[in-house]
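Right, one structure below, let's go through it.
The values are calculated or read from the model by the stated rules, or taken from the named source; none is laboratory data. What you see is a predicted model, and the numbers here were worked out from it, not measured in a lab. All Cβ positions, even for glycine, are placed from backbone atoms using ideal geometry, and neighbour counts span all protein chains on display.
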Amino acid sequence: MTTIVVPAWLPAEPELQVTEASGAVLTDVRAAATAVSDVAGWARAHGAPADFSGDAAEAADHAVTRFAADTDAVGAALERGALAIDEFLTAMRLRRSEHDELMERRQALNAERDDLLRRIDGAPEEQVPGLQADAAQLRSRFAAYHRDLETWRDRVDSDEQRCVRALGAVDQLAEGVTAAADRGRTDTAALKAELTRLGNDTDAVNAWWNGLSQVERNALMISDPDVVGNTNGIPTGDRDEANTSAVQRDIEYLLGRQTSGDELSASEQRWLENAQSVQLAADQASHTKWADLDVDAFVMAYQPHAFGGDGIAAVAYGDPDTADHTAVYVPGIMQDATQIDENGSQALNLYEETVNQMAAEDPPRAGSVSTIAWIGYDSPNFDPESMWPTDLGDSAGDVAHTVTEANAQAGGIALSQFVDGLDSTHTGGGQPHLTVIGHSYGSTTSASAAAGGMDADSLVLLGSPGASEGVHHVSDLGLPAGQVFVGAADHDPVSWLGGEDGVFPGTWDDGLGLGADPAQHDFGAINFAVDNGQEFHGTGIVSTGFMENHTSYFDDPDPARGHTNEALVTMADIVSGNSDAVVDTGGRTQEAHDYLYDWVGGEAQHHVVQPVVDTYEDVRDGVVDTYEGVRDGVDDAVDGARDAWDDLWPDRWP
Amino acid sequence: MARVTAMRSTLAVLALVVLVAGVTACSTGSDEMPPQDREKQAVDVVTEAVPLVEEALRSTRAEVGGGWSSCPGGVGHVYSGGGTISAPEGDASAQLAAVRAALTEAGFEEGTVVDGHVSVSRDEVSLDVAPSAARGPGAWAVSFEGPCKRYGGDDEHYVQQQNLQGEDALVP
């Protein structure tokens, strides 16, 4: 009897229990380490209270100094713990990748085994030597697989042991004291100083950061998460880790205060809202609505105290450091960091639509996408819930910036630096294709950045109140030919404000205004079709004009409010680099101000003239058969009222 | 020239009045019904419509969640959400037609027909269904949204707390 020895079928190796979600442990430890570091810093900076003297002062000084030393020891221990966890998680990421490769190998080997068994079954005697040779070769490859699997298991075990040892080495206060006194402990003050010195040179920041050891990066993320998380040029993943720790630290601190009965001040409440909104923005990528997109969220900026508490926040969906197509969405008026979750949902909508548009091409196009909601400038806004006169005064001052460009110009510089950072951190040496999308006042900010030399490939201006000072034509924006796109709904009142002469040409407001209307045909951009929104009257300017027509460019079709999704589909084509698919509608031939003029005229006609005419006509109808003279007189009056109106209100802006 | 100046002044005053009136109405107005009722409207639409879509697509899995969030511009709150329906891959046009028929026959109103979508509404709640390759083969994206409304007092506290507490699982 002939024997052919076929290797045993290979079972699947269970997946590692440590997943990406396990990173939450690192976030917790870093947040705790940062909080302790802050306390230690405070204690070092404070001795006895100023009004203490003599023995009391000395005792207090000793107590505070001792407290500072103990706290620093705890901080040093947590720092080492965080480093150990970070190294472990990094190792596990590699092990998961190796596991995937091993399981692919296993599948292939099992398939070959099945094929060999099929060939053996019923094979004639003359094929036996060949089949035996094949079986021997397969056994050899199975043995190699078993060896590699064993080696992989040993590595996992070794990684775990190393982490456990590192954590065990700092689980006593004495060990923390030793760690704190370690001469080799990272000098985070020096690192921070160097990072600050590098400033806005994002390439230099990126090179410097990548040159640090993991120990140094970990220490700086703990001591200064606010700096690491908000410096352009630091890789997105590290910014996210630093910012996520800072967000968690702040939420735990502020909610802890509330839980213990403290009433938060208005600015602290705002701080909490900022932190919670950033957390929501990051978390919503895994909510049921979006979970199946399987897209990672990255917190790219978190500065809750910036701009008087309005805050700075940016969240990316998909990693912009590896994406083939990246979009930066810049919101406008009324947006601050407490709105990053809502803006993040619009970025997620754009993410999904972009991937879908690429998949719908013939043939389907592969490529990774990242969309970023960026509120990194001081957008004009006010708190709509505010009722106190002083608050309303502040709000009026803030929102008054809408008619001036100061915030847009400053924001344009910040936006340009953010984009430079994205270029520096992309693993391919620069963003392959980057689109900036500015909405409302954000379009003025984006246009200002473009005119100043922002390094973007495509620019989209949505519902724009103006393309910023000095920009008279698309060529002034410095983008490649055919890469500036404009979407403006006819019934979007913000898009009626553009024009180089202000709303009232030749009058007091010529120094105000936000520049040329980019939707004009003569401006030279590519205008794309959008849902024009619904007409509105009176107070509908807010509910329909602003809240629906001005804010629906990123929406799915919405039959209850009568909107389609034309803008979203077109933007997805632009973001994916398929701008040839964008149809140019030609743009406006009527001045933007004329839309406003027509609307106000229509309102006056509707609310003032028409009631007068209606009253006249009621009178006339009541006397029609009785007093012909009166009737004729009333008819004359109606005609007179209409003529007077036509005379007062010409068809076009004078 | 005098007429032009007068006209501009008129325009300025009218525009100001309308804007102030609009903002005032916005900042003092509120929903005519409590947020729990708004929420129920949306939940009713989702829990009635999604099973119809599942049946039309012969779905193998459906998950839809919803929750309160702030509206664009920070004025008001909205109950909205969405999820994924997984179904065997097929002729997308025929599947869309089947979904459309199922929903309109059940009395949902269809708005403007948008390529690749079925969008219906009821009680101010919009619901959109569309195939989504971004979610994987055979996946359909579902999204829904109620109206943006402003709430005060306990109602405002309710929607803000719900926003922070995360989403509700509506289907299954």
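Key figures for this structure:
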read-out	value
Residues of region A:294-331 satisfying the condition of being farther than 18 Å from residue A:227 by Cα and either hydroxyl-bearing (Ser, Thr, Tyr) or touching an Asp or Glu at 6+ places or on another chain (Cβ under 6 Å) (or both)	A:310, A:317, A:322, A:326, A:329
Tally, over region A:262-278, of residues that are hydrophobic (A, V, I, L, M, F, W, C), assigned to a helix (DSSP H, G or I) and without any contact (Cβ under 8 Å) to a residue 60 or more places away in the chain	4
Filtered residue count, region B:120-172, keeping only those that are farther than 30 Å from residue B:95 by Cα, within 16 Å of the chain's Cα centre (by Cα) and among the charged types (D, E, K, R)	2
Criterion (charged (D, E, K, R) and over 24 Å from residue A:524 (Cβ atoms)) met by exactly one of A:603, A:591	A:603
Wholly within region B:53-172, strands (runs of 3 or more DSSP E) carrying at least 2 residues that are over 16 Å from residue A:291 (Cα atoms) and at the interface with chain A (Cβ under 10 Å from one of its Cβ atoms)	B:61-70, B:118-122, B:125-131
Selection status of residue A:244, surrounded by fewer than 17 Cβ atoms within 10 Å (Cβ to Cβ), closer than 21 Å to residue A:305 by Cβ and touching a residue at least 12 places away in the same chain (Cβ under 8 Å)	no
Candidates A:127, A:161, A:172, filtered to the one that is modelled with pLDDT under 95 and within 30 Å of residue A:94 (Cβ to Cβ)	A:161
Subset tally (residues that are modelled with pLDDT under 95, under 22 Å from residue A:499 (Cα atoms) and surrounded by 22 or more Cβ atoms within 10 Å (Cβ to Cβ)) for region A:408-437	3
Any hit, region B:84-92, residues being surrounded by 19 or more Cβ atoms within 10 Å (Cβ to Cβ) and farther than 27 Å from residue A:283 by Cα	no
Sole exception among (1) in contact (Cβ under 8 Å) with a residue 24 or more places away in the chain; (2) out of contact with any Phe, Trp or Tyr (no Cβ under 8 Å at 6 or more places or on another chain) for residue A:259, by number	(1)
Set B:76, B:166, B:152: member being in contact with a Cys (Cβ under 6 Å, 6 or more places away or on another chain) and at pLDDT below 90	B:76
Residue identified as within 14 Å of another protein chain (Cβ to nearest Cβ) and over 28 Å from residue B:170 (Cβ atoms) among A:230, A:274, A:243	A:274
